[in-house]
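What follows is one structure encoded as structure tokens, with my remarks underneath.
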Amino acid sequence: MCGIVGFIGKRDASSILVEGLSKLEYRGYDSSGIAVIDDAVINVSKRKGRLSNLQDKLNIEPIKGSIGIGHTRWATHGEPSDLNSHPHSNEAGTISVVHNGIIENYLYLREWLMKKGYKFYSETDTEVIPNLIDLFYEGDLLAAVMKAVAKMEGSYALGVISSMEPDKIVAVRKDSPLVVGLGTGEYFIASDVPAILSETRDVYYLNDKEFVVLEAGGVTVYSPEGEKIEKETSHITWSADAAEKGGYEHFMIKEIFEQPKAIRDTMTSRIIPGKPVTLDDIALTKEQIENIDKIYIVACGTAYHAGVVGKYVIENLSGISVEIDIASEFRYRRPIINKRTLLIVLSQSGETADTLAALREAKARGARTLAVTNVVGSSIAREADDVLYTWAGLEIAVASTKAYTTQLILMYILGLYFAQAKGTLTASEIEEIKSSMLLLPEQTEEVLKHREVLQKFASNNYMHRDMFFLGRGLDYAVAMEGSLKTKEISYIHSEAYAGGELKHGTIALIEKGTVVIALATQKFLFDKMISNIKEVKTRGAVVLGFAFEGSNSIENTVDSALYLPNTLDILAPVLSVIPLQLLAYYMAVQKGCDVDKPRNLAKSVTVE
């Protein structure tokens, strides 16, 4: 969640650090700060609140120097405050640290260090780190950092500077992302590429427990044992303009409108008429697929909802049993995993801590693992046995949109691939689904033309405190995602329910004026869904219904109806989720919410 930047060179570090932090605001934060070395003295400046607060402080009290570290914090230990903000230093002020992650044994370390005479001033877990480094420092900063992290349990990406060695930055990662930027005579560290993209396009992706030393003369990467490692340089090809709003009011609406392209890109080379479905360079043989007795799909939040669709799709197309699990619960229920298990993990960022932990647990118990993610070089992508990238492009808004729809596309591709290998569908049946999938980008553009209808509905209903989303089958999976979008960006309490569950308690909450969003895209469940809509209408609900073109009878039941281009029932989630994204967006805009950076949320959840 937190953001880290670091710079060493000959230019002014403060401005570079603040600019880098501004590119990480999408990760979510409640405070920010920098530490810069000048004449062998570390100067620290940090402020609670938005990055602009720090910038205002620096305008009044500038910090000079050409080497430094910066941080945007999302509170896990201690309330948001100037004191709890990063960077944190030892009492002497000779060592400063920025940290992304959680030190799980910090209370033990804190008590141990206090017995040795160390004092603590913040409520954070991070403050133990500079004091640990101080304890082990004997003239070699890298060696001291190595000894310190050997005592630490948990997750971390660290950037460390010391006035005793004012010509270097030491960094290390474990479970939290960190990249190294390679410039000409200057070098960078960052939690994510956008922070340094304006400065360099050449990076090293650090693996877990790798250390790096940045000096004016170059960059050296070390193994946990202290041996030098030769890293392969990765060149970033996407444009810095991708991180700009492109004329849209918010990143979220821009990314909603980028979905036709993202969907098309994700199918490119994988879905081709008349040719077998391919999984890039992944080789799952017919024998290997037939040897799978269970698939687990594990994810969090929006990605979990994509997994719910994936369970339905893969089971129906291939006949393989699929379980869907919330990543934070997966490890703790002792799931049955063996060598005949395939674990599919979904994560937009590829850094989701709970999902990464589930991946590691499954691998340790012999399962084959497949990652579906949007970020090349992310932890989940590197650690899974196989990886499928969604090719959604950079997604800045905290609330995921195009990452979700492209995850859906890969669920269909996997289902078709398994069906193709097992022979559970005929060649003509597979071609029919493929042909319909290839129409989705154009149909998505048609759905986006309903924006004004949804904007009007939002303007008439944004003041409500509660909303309900109803659906059956795949519509229920989409209802869950629509409800989540509404909650996370408009702060309206919303719940999703399977239509058949209404009579089991939920209908008691329906009263005159209650807003209900009803999905009725599944033809074989259409009549049953109409009955459910009537149940809420007779109790005074205001209902917005969604159905395919031609299903005009829904108008006899709902207050307003919106029609989607016709496609196969199984593909309906790709189209039906888009108006729900738009509805949530316009609700949030009407309420004046911070759409791209909703309160208490972050883009990349890198702690459990």
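The values are calculated or read from the model by the stated rules, or taken from the named source; none is laboratory data. Keep in mind it's a predicted model, so treat the numbers as computed, not measured. Reconstructed Cβ throughout: ideal geometry from the backbone, glycine too, with neighbour counts over all protein chains shown. Surface areas here come from the heavy atoms of the whole protein model, side chains and all, with no ligands, DNA or RNA. Shrake-Rupley method; radii C 1.70, N 1.55, O 1.52, S 1.80 Å.
Some values worked out for this structure:
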{"quantity": "Taking the convex hull of Cα positions in the range 245-362, its mean projected area over all directions (nm²)", "calculated": "9.3"}
{"quantity": "The range 469-514: trypsin sites (Lys or Arg not before Pro) in DSSP loop, at most 13 other beta carbons within 10 Å", "calculated": "512"}
{"quantity": "Order by protection proxy (mean Cβ within 10 Å, highest first), peptides 109-122, 207-220", "calculated": "207-220, 109-122"}
{"quantity": "Only Lys, Arg (+1) and Asp, Glu (-1) charged, at Cβ; the range 329-474 dipole about Cα centre in debye", "calculated": "680"}
{"quantity": "Descending Cα extents along the principal axes, the chain, whole Å", "calculated": "77, 56, 44"}
{"quantity": "With Cα atoms, 0 to 90° folded angle of helix 526-537 axis to the chain main axis", "calculated": "80"}
{"quantity": "Solvent-accessible area, 1.4 Å probe, carbon plus sulfur percent, for the chain", "calculated": "49"}
{"quantity": "Helix 13-22 vs. the chain, principal-axis angle (Cα, 0 to 90°, nearest 10)", "calculated": "20"}
{"quantity": "Efficiency of FRET between residue 39 and residue 493 - r from beta-carbon atoms, R0 56 angstrom, step 0.05", "calculated": "0.55"}
{"quantity": "Spin-label model distance (nm) - residue 365 vs residue 245, 7 Å beyond Cα toward Cβ", "calculated": "4.6"}
{"quantity": "Options 444, 428, 371, ranked by Cα towards positive dipole end of the range 357-454, top entry (Cβ charges)", "calculated": "371"}
{"quantity": "Given 456/597; 485/528; 48/116; 23/231; 261/456; 286/339, the pairs whose alpha carbons are separated by over 21 Å", "calculated": "456/597; 485/528; 48/116; 23/231; 261/456"}
{"quantity": "Computed E for residue 283/residue 107 - FRET, C-beta separation, R0 51 angstrom, nearest 0.05", "calculated": "0.60"}
{"quantity": "Total formal charge among the other residues, if their Cβ is under 9 angstrom from that of residue 157, Lys/Arg +1 and Asp/Glu -1", "calculated": "+1"}
{"quantity": "Test item: Cα-centred dipole of the chain, Lys/Arg +1 and Asp/Glu -1 on Cβ, debye", "calculated": "1080"}
{"quantity": "Three-way shape call for the range 84-178 based on the alpha-carbon gyration tensor, with the a/c threshold at 1.5", "calculated": "rounded"}
{"quantity": "Alpha-carbon centroid distance for the pair the range 85-142 / the range 153-186, whole angstrom", "calculated": "16"}
{"quantity": "Simple spin-label estimate for residue 503 and residue 459 in nanometres, 7 Å along Cα-Cβ", "calculated": "4.1"}
{"quantity": "Ranking by accessible area, most exposed first, for 537, 603 with a 1.4 Å probe", "calculated": "537, 603"}
{"quantity": "Residue-count net charge about residue 400 - beta-carbon cut-off 15 Å; Lys, Arg +1, Asp, Glu -1", "calculated": "0"}
{"quantity": "FRET efficiency estimate (nearest 0.05) - Cβ-Cβ, residue 549 to residue 426, R0 41 angstrom", "calculated": "0.90"}
{"quantity": "5 Å-binned pair-distance histogram of the range 350-509 (Cα, whole percent)", "calculated": "1, 7, 11, 14, 17, 16, 15, 11, 6, 2, 0"}
{"quantity": "Helix axis angle, 301-318 relative to the chain longest principal axis, alpha carbon, degrees", "calculated": "50"}
{"quantity": "Charge tally in the Cβ shell below 15 Å around residue 449, where Lys, Arg are +1 and Asp, Glu are -1, residue 449 excluded", "calculated": "-3"}
{"quantity": "Cα centroid separation, the range 244-293 to the range 533-588 (Å)", "calculated": "26"}
{"quantity": "Extension gain (nm, one decimal) between residue 77 and residue 91, 0.36 nm per residue minus Cα-Cα", "calculated": "3.1 nm"}
{"quantity": "Convex hull volume per residue for the range 361-429, taking Cα atoms only, in Å³", "calculated": "118"}
{"quantity": "Gain in span if fully extended, residue 208 to residue 275, counting 0.36 nm per residue against the direct Cα distance", "calculated": "20.2 nm"}
{"quantity": "Extension gain (nm, one decimal) between residue 329 and residue 568, 0.36 nm per residue minus Cα-Cα", "calculated": "82.7 nm"}
{"quantity": "Cα-based Kirkwood hydrodynamic radius, the range 457-566, one decimal, Å", "calculated": "13.7"}
{"quantity": "For the chain, accessible area per residue (1.4 Å probe, heavy atoms of protein chains only), Å²", "calculated": "38"}
{"quantity": "Between the range 202-229 and the range 429-483, the Cα center-to-center distance that results, in Å", "calculated": "46"}
{"quantity": "More than 19 Å apart - percent of Cα-Cα pairs taken over the range 1-79", "calculated": "29"}
